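Below is one structure; the comments refer to it alone.
The values are calculated or read from the model by the stated rules, or taken from the named source; none is laboratory data. Quick caveat, the model's predicted, so the values are computed rather than measured. In this analysis, Cβ positions are derived from the backbone assuming ideal geometry, glycine residues included, and neighbour counts consider all displayed protein chains.
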Amino acid sequence: MALQFTDTPQAPNVIELRGISQSYDGGKTKIIENLDLLVEDKPMQGQFSVILGMSGCGKSTLLRYIAGLQEPTAGTVLVKGKPVSKENRVSMVFQQYSSLPWMTVLDNVGLGLRFKGISKKERDEKAMEMIQLVGLDGHQKKYAQYPTLSGGQLQRVAIARSLMSNPEILLMDEPFGALDIKTRLQMQDLLIGIWEKFSPTILFVTHDIQEAVYLADDIYIMKHAPSHFVKHIDIDLPFNRTRETKRLAHFDELVHEVEDAMMQIDAGS
Ligand SMILES: Nc1ncnc2c1ncn2[C@@H]1O[C@H](COP(=O)(O)OP(=O)(O)O)[C@@H](O)[C@H]1O
Ligand SMILES: [Mg+2]
């Protein structure tokens, strides 16, 4: 994979990881070594990049760097050309339900605005817009907990909350991994709708190759022990994805290409 770093000040890359290494136990356990990732700016368009790799290879760790929750042992992490700081925090949606169960859906979605000191009236109005967008209208007064809300509904809460700050970048760490298959397919289409409406840059981790090909503009495949990206696959499917896209012969070709790439890594090449 040829990575090129363009440092034009007018359009900094959205996400840039350079020479990343992660080790623990004073260097005895090497998780990540010499990893580069470049997500370029596509003005007015956003970008949907998917990361695939074995469990434990460091995918969540990468997202935590970008979210400012962890620093690598070595290397540079830039978001829109700048080091990550509290001011340019990036929203993240996790696999586990991350809402506060003692608060209502409405209060969970408006939480970020509450921290910014915005009045209850204003944050409730904004939160309701997002709640409607993710299809949770009528559930806003319920507590954000299982089983009051289903797994799919709780992930909708998390997505609504992450959209409240009008993010240019959204990190999603196996967000649909715990959902049943029908709910998962519905959530994929919800996410495509959100992406088309807001055009954020999304960095998305999944283990599901079909999901990856359906959602992605491009897919990055990670080798492990120690980890870095070994393959970058452009997903040249039509821009407007619908369930019909999955019936294209080229969709299957891409799924096979990704599958083959992953099997090659397992074979140690
Ligand atoms: N404090 C730590 N000490 C040692 N190993 C750690 C520590 N934190 C995380 N790891 C290891 O880092 C690796 C990467 O974890 P993670 O980013 O969660 O992987 P993934 O999301 O790809 O499954 C895992 O193998 C995990 O065991
Ligand atoms: Mg993980």
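For the reader, a short list of remarks on this structure follows.
- Scope the stretch 193-202; condition crowded, with 18+ Cβ neighbours inside 10 Å and either polar (S, T, N, Q) or assigned to a helix (DSSP H, G or I) (or both); matching residues: I194, W195, T201
- Test result for D208, at pLDDT 95 or above and not assigned by TED's automatic domain parsing to the domain that holds I159: yes
- Tabulated pairs, the stretch 222-243, first of a type in the set (S, T, N, Q), second assigned to a loop (DSSP other than H, G, I, E, B), C-beta under 8 angstrom, 6+ apart or interchain: S227/G53; S227/C57; S227/G58
- D217 vs. criteria free of Cβ contacts under 8 Å to residues at least 24 places away in the same chain, under 23 Å from the mean Cα position of the chain (by Cα) and at negative phi: no
- Selection status of L171, modelled with pLDDT of 95 or more, under 26 Å from M44 (Cα atoms) and buried (at least 20 other Cβ atoms within 10 Å of the Cβ): yes
For (1) within 16 Å of ligand 1 (Cβ to nearest atom); (2) more than 14 Å from M222 (Cα to Cα); (3) at pLDDT 95 or above, each residue gets a yes or a no:
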| site | (1), (2), (3) |
| --- | --- |
| M1 | no, no, no |
| I20 | yes, no, yes |
| Y24 | yes, yes, yes |
| D41 | no, yes, no |
| T61 | yes, no, yes |
| G75 | yes, yes, yes |
| W102 | no, yes, yes |
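- Breaking point among (1) assigned to a strand (DSSP E or B); (2) surrounded by fewer than 15 Cβ atoms within 10 Å (Cβ to Cβ); (3) within 13 Å of ligand 2 (Cβ to nearest atom), for T76: (3)
- When S165 is tested against (1) surrounded by fewer than 22 Cβ atoms within 10 Å (Cβ to Cβ); (2) modelled with pLDDT of 95 or more; (3) of a type in the set (S, T, Y), exactly one condition is not met: (2).
- Tally of residues being within 14 Å of the chain's Cα centre (by Cα) and part of a loop (DSSP other than H, G, I, E, B) across the stretch 28-52: 1
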